[in-house]
Each structure stands twice: as C-alpha cells, then as structure tokens.
1. Sticking with the crude label model, points 7 Å out along Cα→Cβ, report the distance from residue 292 to residue 49 in nm, one decimal please.
2. Search the structure for amide H atoms under 5 Å from the amide H of residue 92, placed 1.01 Å from N in the peptide plane, and list their residues when 5 or more places away or on another chain.
3. Can you give the angle from 0 to 90° between the axis of helix 253-262 and the longest principal axis of the chain, with both taken from C-alpha atoms, to the nearest 10?
4. Roughly how many debye, to the nearest 20, is the charge dipole of the chain about its Cα centre, given +1 on each Lys and Arg Cβ, -1 on each Asp and Glu Cβ, and no other charges?
5. How large is ³J(HN,Hα) for each residue in the stretch 205-215, as worked out from phi by the Karplus curve 6.51 cos²θ - 1.76 cosθ + 1.60 (θ = phi - 60°), to whole Hz, x for Gly and Pro?
6. Can you list residues whose amide H is under 5 Å from residue 150's amide H, if they're 5+ apart or on another chain and H is modeled 1.01 Å from N?
7. Please report the accessible area of residue 66 (heavy atoms, 1.4 Å probe, ligands and nucleic acids excluded) in Å², nearest 10.
8. Enter the accessible area of residue 161 (Å², nearest 10), with the probe set to 1.4 Å and all protein chains included.
Amino acid sequence: MQKPFEITVLGTSSATPTRDRNPSAQYVRLDKHYFLIDCGEATQLQITKYNLKLQKIKYVLISHLHGDHYFGLPGLVTSMALFGRVDPLYIICPADLKPIMDTILSIGDARLNFDIHYIFTNPNQFETILEHSDFAIHTVPLKHRIPCTGFIIEERGSERKINVEACERYEIPVTYYEKLKFGEHFMNSRGIEISNETLTLPGYKNRKFAYISDTIFDESIVPYIENVTMLYHEATFLHDRLARAQETFHTTALQAGQIANNANVKNLLIGHYSARYLDLEPLLLEAKKMHLSTYLALEGHVFQLNS
Ligand SMILES: [Zn+2]
C-alpha cells in the first residue's frame, strides 16, 4: 500500500471570486504531513466545507503576493489561534509577506500561542527550501508580473515492497514484514542472515507534485518538473486569448498542455481559470490536445497521486 498523497482543490478562480469559484488554494496531504498551497480569500470556509483539518496544516506555501493567492492567510492564522493552536506553523513565502502579516496580526491584537517560522523563497533560482526525512519542498522560479515561485513536494524515503514469494520460501513471519519494508535484514533460527534485497523489491518511485502558478508560458521550467506524478499548471485563458495571456503573464490551456507534454509528466491538473469562463470544458479539451491525461481542478475534488 502506498502512503496517501492527495490534493484537495479549494480554489480555482484567477483574480476574483465568481459565483461558483474561489481564488487559489490547494490542501495537500502526504501521509501524516499536511500542506496548504496558496491561500485565497475563501480558504478557511472551503476547509470547513470539505471537512478538512485546519490545525493539521503545518506548512503553508505562498507562491506570490497577488491578493488572490494569500488574502485568506491572516484569517486562517487568526482562526488557528482562536481554536487553541500551540504547534508551530511554517510559512514558505516571499519575504514581503512577513511585515504584512506582522502588521495585521499586531494591530488586530491576535494573540498567538504558537510560533510562525517564515522561510523566504528566492524567485530567481531553483532551490530545495525544506528537507524532511519523508519529503522535500523545492521552489521553481516563475515569470510573472511580480516575484513568484512554483513548488514541488517530493516524497522521500519510500518503502520497499515485500516479495511475498521469497518471504514464504524463507519462512519469514508476517509480523516481520514491516521491518523488511524499512530495509532490515532477517536472521533465521539457524543464525543465517537473509538479506533485505532477497526478501523485498524496489519501492515505489518517489512521487512528486508540482504546483506552477502564476506564470507566463515558460519552457525553462521543464527540466525541474520532468516526470512528476502530477503537475498543476495554471491555464487562465483559452489559446484564442493568447495576447491577453502574454500581457498579464499568464498561460493558456494549450500552453499548459504543451509544458506537461514536454516535461513528460504523468498527469496534468489545470486551474486558475479566468472569471470569463462559465463552462470549463473547452479549457480541458484544449489542454488534452497536447497532453491526454489532463484533469480540471474543481473545488472539493480530491486527486490521488499514484506512482
Ligand atoms: Zn498572480
């Protein structure tokens, strides 16, 4: 069994909310680790609506400081405090976010019983910004109207798979399987060691989720996102509005598909739709022309990452 690695879409609208869509936010679970990527206005309402756990979020990743990507954050942090949070929160974001948050929280007399640790992104280069034994977070430089980074959450330390046939042949007790998954060898009753390699198979490929928003079409990101399990790429417009996309430093659905195709990603998820589109199907069809395995980010939908 793979560990759960899943994305719940909370917001899909670019710039402004619409009747049916909220600004950007995605809730990511990798086993026992919970991340929030971007935090548009309605994020805490969406977290409540979809029965997600607010206090489990330990890492908040903010791509850039256009309001539709972070205006929900002061409210979210304040609610965490009101609900009695004591665990630290890590906010990975552009450096300018800290004085904004400090001002709002201090003038509003928000009393936090937990620490906020800010980790500042560098919009000019790819970097590994956080490492944990279970995952790593990388940032990807994007080209937008203001400094902006994408994020990659990479699973680390995936377990080995049990070779049931070999284990039965060597009479390994089932209760020992868990240890085998984490690389231990087995000593039998005659004192002979049976190596882990004999009893297990290579583990699942480390899965990766890449979040690329907001950006103009930019093929220079392709090497960073090659072969990822799931790529979320903004697709603000249809390609007939390419001029508008370029002017506002956004991507068309066709271009998002092209990036996914060039990077040979497994699945593409598109979102960040312009408010002008009531029907999203044409965006999906357009991206699919370039990359067949494409899905629409729809609020409340959960996408599993399977290797
Ligand atoms: Zn933006």
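The values are calculated or read from the model by the stated rules, or taken from the named source; none is laboratory data. Being a predicted model, the structure only gives us computed values, none of them experimental. When we count neighbours, we look across all protein chains shown, and the Cβ atoms used for this are built from the backbone with ideal geometry, even at glycine. Ligands, DNA and RNA are stripped out before the accessible areas are found, and what is left, the full protein with its side chains, is counted by its heavy atoms. Shrake-Rupley method; radii C 1.70, N 1.55, O 1.52, S 1.80 Å.
1. Those two pseudo-labels are separated by 3.4 nm.
2. 60, 61, 62, 119
3. For helix 253-262, the angle is close to 30 degrees.
4. Dipole of the chain, to the nearest 20 debye: 360 debye.
5. Karplus values, whole Hz, x for Gly and Pro: 4, 5, 7, 9, 10, 10, 10, 10, 6, 9, 6.
6. 140, 142
7. 40 Å²
8. Near enough 80 Å² of accessible area.
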